[in-house]
Amino acid sequence: MPGMRASKVYGLTWGCIDFEEGKTLIDILKKHKKYQLENKLKYGEYYSNNLYKFEEANKQYNNANLVCTKENGELVSTDSLKYLSRVVNYELGINFNFHSLRHTHATITILLESGANIQDIQKRLGHSKLATTMDTYSHVTDKMNQYSVNRFEQALNSKIK
């Protein structure tokens, strides 16, 4: 989920979440799902249960199955994310837009420094070509550069001895 495009976030259903995997966001998602169910009870007949149609798969889902809904069950829209971005920008003084989250997650330097495989990063981002991932997100950091230098020196030293 991290690094998802906004358009994919809108259509994310609870069926897409693997609660058994145990990644960082699982606890947050469990709390959010509970919050949604509590709001459904609280709003009763006024809770929005409009059908949402996925264009790509031509499937319909009840809003209760969507992860990203407003408190009353209505769909989260692009306007919702724009509003939240403005709140972060103006009230918190942080230069932010939703797509920034994708870039933050996708920054190869962070993922590579932590040992992630470039093909795994490509897959997470949904890029069809590895070159797209590399061209868009790769930035050499001092840490990576120093690591490469150290590895090269180790290789040379092992050959010399």
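The values are calculated or read from the model by the stated rules, or taken from the named source; none is laboratory data. This structure is a prediction, so every number in the text was calculated from the model and none was measured. For the accessible areas, the whole protein counts, side chains as well, though only heavy atoms, and no ligand, DNA or RNA atoms are used. Shrake-Rupley method; radii C 1.70, N 1.55, O 1.52, S 1.80 Å.
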Across K23/K129; K8/K123; K34/K70, pairs whose alpha-carbon gap is larger than 20 Å:
K23/K129
Once fully extended, how much extra length lies between K143 and S114, figured as 0.36 nm per residue of separation less the alpha-carbon to alpha-carbon distance?
9.4 nm
With every protein chain in place, what's the accessible area of S148 (1.4 Å probe, Å², nearest 10)?
70
